[in-house]
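As structure tokens, the structure follows; a few thoughts come after it.
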DNA sequence: AACCAAAACGCAAATCTTTGCAATTGCAAC
DNA sequence: GTTGCAATTGCAAAGATTTGCGTTTTGGTT
Ligand SMILES: [Zn+2]
Ligand SMILES: [Zn+2]
Ligand SMILES: [Zn+2]
Ligand SMILES: [Zn+2]
């Protein structure tokens, strides 16, 4: 992989934002520094960063994928399908499962930003 | 929900196929019996079936989502990002994690066809 | 049987993402 | 500094999925 300027700017942007950004949001941020950049270039840069493991991409049920820097420490999310609330869970709550899967199936899990859908406590009470 | 004929035909189709079908594949099957059906109608029917819990939808990294009947018993998959191999794991291998998440976060997990990406045993040896 | 409201549908347009191809750029060897 | 190759990019088109809206169908009620 070559030191693409777009890759570097995306890393810097996501590192500063500490949030889940859509491709369109990343695109807007990049254009502040590279006004002529093409959207497909951003998609390809994001793909490279995901493959290299420095960025996660996830479908959180919002209609478009979201990207997040992984340097801050691994975590996962629970997304309520009724109210849309997003809970964060620590990696150690999931690590045990991944270890067991690794043992049982000799399969090295790379998923690093797991999204589980369901119903949150508040919405369970409502029904 | 009303008893839509498309819903019923999709159920029958997926029940007979016992496989992961893309929306395009479902569409082709439906057209054998409803030649004039619209693709967006199929998408909306699939969405209803997923919401009702009778069908699962998953991104298995193939470029388009796949749908599968859930009546046959719950299961999950490990997808190798190098060779594309798809391993199936039983629900009991995952249920423990979901129970723990339920306890710790009072969150009722509905994800019923989990896809985890990683590297299979064979591909680990190769590298 | 006529009526009504809700659900489902068809169609076209919008949105999101990927891809083929030709042109450009960065890196390293010569 | 020039050459060569592979990575990156822009652009346009294709592919995948969703959505707005007007119309039709369905099932229940009068
Ligand atoms: Zn996150
Ligand atoms: Zn909720
Ligand atoms: Zn499956
Ligand atoms: Zn493999």
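Residue by residue along A:105-115, Cβ atoms of other protein chains within 10 Å of the local Cβ number 6 on average. Here the range A:75-126 carries DSSP beta bridges of which approximately 55% are antiparallel, counting only pairs with both residues inside.
The label-point distance for residue A:17 and residue B:43, in a model that sets each label 7 Å from Cα toward Cβ, rounds to 2.5 nm. For the range A:3-69, relative contact order (Cα pairs under 8 Å, six or more residues apart, normalised by length) works out to 40 percent.
Bridge orientation summary for the protein assembly as shown: considering DSSP beta bridges with both residues in this region, about 75 percent are antiparallel.
Per residue of A:90-96, other chain Cβ atoms within 10 Å of the residue Cβ number 2 on average. What's the angle, to the nearest 10 degrees (0 to 90), between helix A:92-105's Cα axis and the longest principal axis of chain A? That works out to roughly 90 degrees. Kirkwood radius, the range A:67-127, all distinct C-alpha pairs, inverse of mean reciprocal distance: 13.1 Å.
Using the empirical formula 2.2 N^0.38 Å as the baseline, the Cα radius of gyration of the range A:3-69 reaches a ratio of 0.99. Averaged over the residues of peptide B:6-12, the number of Cβ atoms from other protein chains lying within 10 Å of each residue's Cβ is 0. Based on the reciprocal of the average 1/r between different C-alpha atoms, the Kirkwood radius for chain B equals 16.2 Å.
When all alpha carbon pairs of the protein assembly as shown are counted in 10 Å bins from zero, the resulting P(r) reads 6, 26, 32, 25, 10, 1 %. Spatial offset of the range B:1-50 relative to the range A:63-80 amounts to 32 Å, using the alpha carbon center of each. Between residue A:64 and residue B:71, the modelled labels are 3.9 nm apart [label points 7 Å from Cα along Cα→Cβ].
Calculated FRET efficiency, residue B:8 to residue A:121, Cβ-Cβ distance, R0 = 35 Å: about 0.50 to the nearest 0.05.
Bear in mind that the values in this text are calculations on the coordinates, not laboratory data. This is a predicted model, so every value here is computed, not measured. When we count neighbours, we look across all protein chains shown, and the Cβ atoms used for this are built from the backbone with ideal geometry, even at glycine.
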